[in-house]
1. Can you run phi through the Karplus equation (6.51, -1.76, 1.60; θ = phi - 60°) for the range 143-157 and list ³J(HN,Hα) in whole Hz, with x for Gly and Pro?
2. Using amide H atoms built 1.01 Å from N in the peptide plane, name the residues 5+ places from residue 349, or on other chains, whose amide H lies under 5 Å from its own.
3. In the range 11-101, carbon and sulfur make up what percent of the accessible area (probe 1.4 Å)?
4. How large is log10 I(q)/I(0) at q = 0.17 Å⁻¹ when the Debye formula is applied to the Cα atoms of the range 195-261, each weighted equally and without solvent?
5. Determine the dipole magnitude for the range 1-137: charges of +1 sit on the beta-carbon of Lys and Arg, -1 on that of Asp and Glu, nothing else is charged, the reference point is the Cα centre, and the result goes in debye to the nearest 20.
6. For the range 86-208, with every protein chain kept in place, what is the accessible area per residue (1.4 Å probe, Å²)?
7. In 5 Å bins starting at zero, report the fraction of Cα pairs in the range 20-73 per bin as a rounded %.
8. Note down the net charge around residue 75, summing +1 for each Lys or Arg and -1 for each Asp or Glu among other residues with Cβ under 15 Å from its Cβ.
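The values are calculated or read from the model by the stated rules, or taken from the named source; none is laboratory data. Everything numeric here is computed off the predicted structure, so don't read it as measured data. Ideal geometry is used to build each Cβ from the backbone, glycine not excepted, and the neighbour counts take in all protein chains shown. Just so you know, the surface numbers come from the protein's heavy atoms only, side chains and all, with ligands and any DNA or RNA stripped out. Shrake-Rupley method; radii C 1.70, N 1.55, O 1.52, S 1.80 Å.
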Amino acid sequence: MSTPNELSPKIKQAFIRLIAQRTGLVIRERDQANLTDKIFARMKAIKLTFPEDYYLLLNCPTIEADQEWKKLVILLTNLESYFFRDKEQCKLLKTKILPELIQRHQVDKTLRLCSAGCSTGEEPYSLAIMLNELIPDIDSWNLVIFGIDINQEALEKARQGIYRTWSLRSIDPQIKRHSFKLIDNHYHINPKIKALVKWQQINLVKDPFPQPHLDLQEFDLIICRNVFIYFESAAIAQALDKFYHALQPLGYLITGHSELYGQVLKQFQTNVFPESLVYQRQTESLVYTPLGDVSSPLSLETDDDYTLTFNPESIEHDLEKNTIKMQHVALNLLKQLPPNTPLPKLGDLTPSELIKQLQSSLQIIEPDSP
């Protein structure tokens, strides 16, 4: 049995398994000491002496257990976020993905987006800012942007829409002027932007998704970035299946770079842009075209699980430019894979070796490349 001051190896592993089952979160070895501190902090708050008693509380299907999970999750989750995080993906959203979705919905003027694992709200508000810039007649549109997260405290901060300078460290000065008001050294989001976003507490592992009664359904775009890096593989697979069913046909899913490595993605088409991979729910079987036909989408079957589709709009019709463009796209893709994993369909070369070959071909000098 554990003592009042430490966790026995057995109960520590039991907590780790229970947390993974309930939240999908992986407690890595380097984080286990912090986990112990967080468990004892919660035990002290609710006046429990032994960790075994706290484990039993968490493992019971009661209202008290649900309330305690909400408080423990606040300690377990990372709230680090900021506006327009990952500039390349934001560029892709603003120049290609969002304009395409806007064009697709010119008739019904309805657009539905979701930021999953939205933390304190910077990502969904960034989407709202982009849409406000891209849609001149935005008041005539039915725009729905949902921010969902497991952490109720983070969602409360998101609802307030008040941020410190650090959260705006990557934002364009013009956007800062137009979308925020500085009050007492804090930046308040513009009420027009704020009104575009709704918030909902969702556990991507435990809770059903989509949820029609909460209007969490039929999304044109789901963004889930820097979330799966904390999830175990089985939990990622669960969330992907839920995202698939929550997307409209041809809806997009964007995750962090390489977060889906090793996952089975048969239900998605994987589109390769220079800036990022983008996953798309399909309505019918993919059509494969020869790589030389640049007037059609270019698809490359990489393994038995998914297909990579190169966006034709990013490829010039001049053959030499096409080749260079494709090499840059391939280089970006390879950099998102584990560097030393052999690729059987590419002669067992590793991404690191292929990167060096492409960089040599393109005369790119990167001393710190893998």
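1. Taking θ as phi minus 60°, the curve returns 9, 10, 10, 9, x, 10, 7, 7, 8, 5, 5, 5, 5, 5, 5 Hz for the range 143-157.
2. When sequence neighbours closer than 5 places are left aside, the close amide H contacts are 343.
3. Ligands and nucleic acids excluded, carbon and sulfur give 52 percent.
4. -0.62
5. Details: 20 positive and 18 negative charges, 36 e Å.
I would put it at about 180 debye.
6. 47 Å²
7. Reading upward from the zero bin: 4, 18, 29, 29, 16, 4, 0.
8. Values: positive: 22, 38, 42, 44, 70, 71; negative: 31, 37, 68, 80, 149, 153.
It works out to a net charge of 0.
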